[in-house]
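See below for the structure under consideration.
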């Protein structure tokens with residue numbers, strides 16, 4: 001019997017979802033696909049993402065991260081890809097590297113919002129809620145509603161504002177949020193060990209107080225550099241002014257934002273960001289993710305008559 005695509009979320013330990021977001025687009029989320037996806041499917045996924053990059057950059061490609069020449073980044077990233085239903089062509093994707101960090105003396109992980117590409121022919125179609133928030137939301141549910149720390153590196157005012165409006169405790173550029181020790185400590189670890197994940201060279205500078213990366217486009221991300229005039233603006237001009245005042249676009253500066261997804265921000269995301277027409281599909285996806293992560297293992301553990309792999313009743 002063929003397993004329905006929605007039930008792929010219940011197979012193994014990796015997040016894998018596929019569903020229709022609206023009448024025109026289908027979404028697939030694949031966590032660390034190089035660790036489990038058959039090689040032919042992985043090669044197709046790589047090719048699809050590269051085609052979206054070339055559509056965005058006028059035929060040019062990128063020389064870092066997923067497109068740096070090996071598959072290792074595909075083994076530690078969550079890929080969200082959006083395909084057009086009419087012809088199956090990929091029109092947008094987001095690659096979120098999972099970065100190892102230490103927090104409060106314990107090993108932890110941080111989700112970097114990563115590379116977002118949308119085919120110019122599909123811009124303005126309302127896909128940002130899928131590319132920026134949905135995968136974080138699904139990971140939050142899968143991890144048992146534990147807060148998820150996120151980071152974002154960008155010079156685009158629209159993205160700076162979107163991160164500040166979507167997540168909690170975001171520094172910088174979120175009004176009323178000061179830089180905490182957690183912000184500074186996580187930013188230090190990212191800039192010390194994980195520059196390659198977002199294409200920043202070793203020679204780039206870093207202003208730790210403002211969390212601004214100076215001369216950032218030297219590590220393979222050269223084709224992403226923009227002027228302030230061409231960078232997409234946010235509907236709230238406060239974020240546009242912040243980027244204009246804090247970044248040197250001629251030099252090529254980026255802002256490193258650190259924030260969290262917690263229960264309150266997940267609720268706000270579901271109520272404000274998700275289109276009403278997409279809510280039923282999202283609710284179904286989250287039910288299955290929750291079953292896979294919390295409810296099914298709990299019920300299995302309570303069954304004292306049988307063992308289930310590593311699950312053992314006490």
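For region 208-222, the set of residues classified as touching a helix residue (DSSP H, G or I) at 6+ places or on another chain (Cβ under 9 Å) and farther than 16 Å from residue 194 by Cα consists of 209, 210, listed by residue number.
If we keep just the residues of region 192-210 that are in a helix (DSSP H, G or I) and touching a strand residue (DSSP E or B) at 6+ places or on another chain (Cβ under 7 Å), which is surrounded by the most Cβ atoms within 10 Å (Cβ to Cβ)? Applying the filter and picking the extreme gives 198.
Here is the figure for region 218-245: residues that are surrounded by 16 or more Cβ atoms within 10 Å (Cβ to Cβ), modelled with pLDDT of 90 or more and within 18 Å of residue 57 (Cβ to Cβ) total 1. Looking across 135, 177, 166, one residue alone is surrounded by 20 or more Cβ atoms within 10 Å (Cβ to Cβ) and touching a strand residue (DSSP E or B) at 6+ places or on another chain (Cβ under 6 Å). It is 135. Collect the residues in region 33-60 that are part of a loop (DSSP other than H, G, I, E, B), touching a residue at least 12 places away in the same chain (Cβ under 8 Å) and either under 17 Å from the mean Cα position of the chain (by Cα) or under 16 Å from residue 93 (Cβ atoms) (or both), keeping them in residue-number order. 57, the sole residue that qualifies. Of all positions in region 175-191, at least one carries a residue that is in a helix (DSSP H, G or I) and free of Cβ contacts under 8 Å to residues at least 12 places away in the same chain. Residue 161 satisfies every condition listed in (1) part of a loop (DSSP other than H, G, I, E, B); (2) in contact with a helix residue (DSSP H, G or I) (Cβ under 6 Å, 6 or more places away or on another chain) except (1). Restricting attention to region 90-136, the residues that are closer than 24 Å to residue 191 by Cβ and part of a strand (DSSP E or B) total 20. Of 248, 215, 202, all but one fail to be modelled with pLDDT of 95 or more and over 20 Å from the mean Cα position of the chain (by Cα); the exception is 248. Take residue 23 and tell me if it is surrounded by fewer than 20 Cβ atoms within 10 Å (Cβ to Cβ), touching a residue at least 12 places away in the same chain (Cβ under 8 Å), part of a loop (DSSP other than H, G, I, E, B) and touching a helix residue (DSSP H, G or I) at 6+ places or on another chain (Cβ under 6 Å). Against the criterion (surrounded by fewer than 20 Cβ atoms within 10 Å (Cβ to Cβ), touching a residue at least 12 places away in the same chain (Cβ under 8 Å), part of a loop (DSSP other than H, G, I, E, B) and touching a helix residue (DSSP H, G or I) at 6+ places or on another chain (Cβ under 6 Å)), residue 23 does not qualify.
The values are calculated or read from the model by the stated rules, or taken from the named source; none is laboratory data. Quick caveat, the model's predicted, so the values are computed rather than measured. Every residue, glycine among them, receives a Cβ derived from its backbone with ideal geometry; neighbour counts consider all protein chains shown.
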